[in-house]
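Student: Structure below; questions to follow.
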Amino acid sequence: MLGAIVGDIVGSIYEFDNHRSKDFPFFGEGADFTDDSVLTLAVADALLGGKPPRETIHRWAVRHPGRGYGGGFAAWLETRDLAPYNSFGNGSAMRVSPAALLANTLDEALEAARRVTEVTHDHPEGIKGALATAHAIFLARFDAGPGEIRRVVEQCYGYDLDRTVDSIRPTYRFNETCQETVPEAIVCALEARDFEDAIRNAISIGGDSDTVAAIAGPIAEARFGIPDDIAHEALARLTDEMRALIHDLYARTEYGHPVRGMRADHLRG
């Protein structure tokens, strides 16, 4: 999950000022968490505590205003009944990583991904984007190679992953749909040689940079882990509450902690 937050923070300053190269300061001036991190943490909170996803997502967003929420989601926050709004936006995929991280089986991962997604993104493409992302993360957690992940995701979800980062970059444009974000983000993660390279791939293709990187990030985290210095930099930009939740989530997984040797009090600030 921290991989999604790293991707979000690194990409936050490039969403509306695309940088079509892998050569950039990794945590550039002004980089900060956005709605991608807030809602990823909301999903983690819901799954860890057995809380209703709809109410938990709403509560986290309301408590962290002004973080760049999309128009449809922002309108949803103001509604009385908080009904799903038939969205196929890429928000479903960027926030889903805790479902894959906490699950013990693929069925558990996909069921949890569907459950936390359909409260807002109930369009088939919105659900598909979340499921494909969770599926890729889960496969990577259990040591599937990039070729296997590519093959399974293509077969199960129909995405075209037979591309390279270099072939995507010249023509890719800003897009907030799952259909035009999730496949590209998965390619960025699968082509990478390490975690940092995956985030650099994601930023370099342009588009909705923070979200592309927030989708690629947890797949890359499951493949490679996150270097301690990168994890520290990201954690330092979060609140104490966020760090505490991250500690609680990783304590429930085989990873133990997102930073090797980091104690709970360090994660709490």
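The values are calculated or read from the model by the stated rules, or taken from the named source; none is laboratory data. For clarity, every value in this text was computed on a predicted model and none was experimentally measured. Ideal geometry is used to build each Cβ from the backbone, glycine not excepted, and the neighbour counts take in all protein chains shown.
Student: For segment 200-225, which positions are among the hydrophobic types (A, V, I, L, M, F, W, C) and surrounded by fewer than 24 Cβ atoms within 10 Å (Cβ to Cβ)?
Tutor: The one that is among the hydrophobic types (A, V, I, L, M, F, W, C) and surrounded by fewer than 24 Cβ atoms within 10 Å (Cβ to Cβ): Phe224.
Student: Pairs only if they're at least six apart or on different chains, beta carbon under 8 angstrom, first in segment 40-59 and free of Cβ contacts under 8 Å to residues at least 12 places away in the same chain, second among the acidic types (Asp, Glu); list them, first residue then second.
Tutor: Once the first residue is free of Cβ contacts under 8 Å to residues at least 12 places away in the same chain and sits in segment 40-59, its partners that are among the acidic types (Asp, Glu) give Lys51/Asp45.
Student: Counting only residues that are over 17 Å from Ile5 (Cα atoms) and of a type in the set (Gly, Ala, Ser), how many does segment 47-65 have?
Tutor: Here the count works out to 2.
Student: Need the failing condition index for Arg95 against (1) within 22 Å of Ala213 (Cα to Cα); (2) basic (Lys, Arg); (3) without any contact (Cβ under 8 Å) to a residue 40 or more places away in the chain, just the number.
Tutor: Answer for Arg95: the failing condition is (3).
Student: Restricting the search to segment 196-250, which residues are of a type in the set (Gly, Ala, Ser), closer than 16 Å to Lys22 by Cβ and in contact with a helix residue (DSSP H, G or I) (Cβ under 8 Å, 6 or more places away or on another chain)?
Tutor: Answer for segment 196-250, where residues must be of a type in the set (Gly, Ala, Ser), closer than 16 Å to Lys22 by Cβ and in contact with a helix residue (DSSP H, G or I) (Cβ under 8 Å, 6 or more places away or on another chain): Ala198, Ala202, Ser204, Gly207, Ser209, Ala213, Ala216, Gly217, Ala220.
Listed here are the residues, each with its yes/no results for (1) of a type in the set (A, V, I, L, M); (2) under 17 Å from the mean Cα position of the chain (by Cα).
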{"site": "Ala100", "(1), (2)": "yes, yes"}
{"site": "Ala140", "(1), (2)": "yes, yes"}
{"site": "Pro146", "(1), (2)": "no, no"}
{"site": "Leu161", "(1), (2)": "yes, no"}
{"site": "Ser167", "(1), (2)": "no, no"}
{"site": "Pro170", "(1), (2)": "no, no"}
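Student: Further, regarding this structure: Does Ala113 satisfy the criteria of being under 25 Å from Ala192 (Cα atoms), without any contact (Cβ under 8 Å) to a residue 24 or more places away in the chain and hydrophobic (A, V, I, L, M, F, W, C)?
Tutor: yes
Student: Now for a separate question. Could you please find all residues in segment 58-81 being surrounded by fewer than 16 Cβ atoms within 10 Å (Cβ to Cβ) and more than 15 Å from Asn175 (Cα to Cα)?
Tutor: Arg59, Val62, Arg63, Pro65, Gly66, Ala74, Ala75, Leu77, Glu78, Thr79, Arg80, Asp81
Student: Test of understanding: among Thr133, Thr120, Thr105, which residue is crowded, with 20+ Cβ neighbours inside 10 Å and farther than 14 Å from Tyr157 by Cβ?
Tutor: Thr120
Student: Further, regarding this structure: Could you tell me whether segment 251-261 includes any residue that is among the basic types (Lys, Arg), modelled with pLDDT of 95 or more and in a loop (DSSP other than H, G, I, E, B)?
Tutor: Within segment 251-261 (the criterion being among the basic types (Lys, Arg), modelled with pLDDT of 95 or more and in a loop (DSSP other than H, G, I, E, B)), the answer is no, since none of the residues qualifies.
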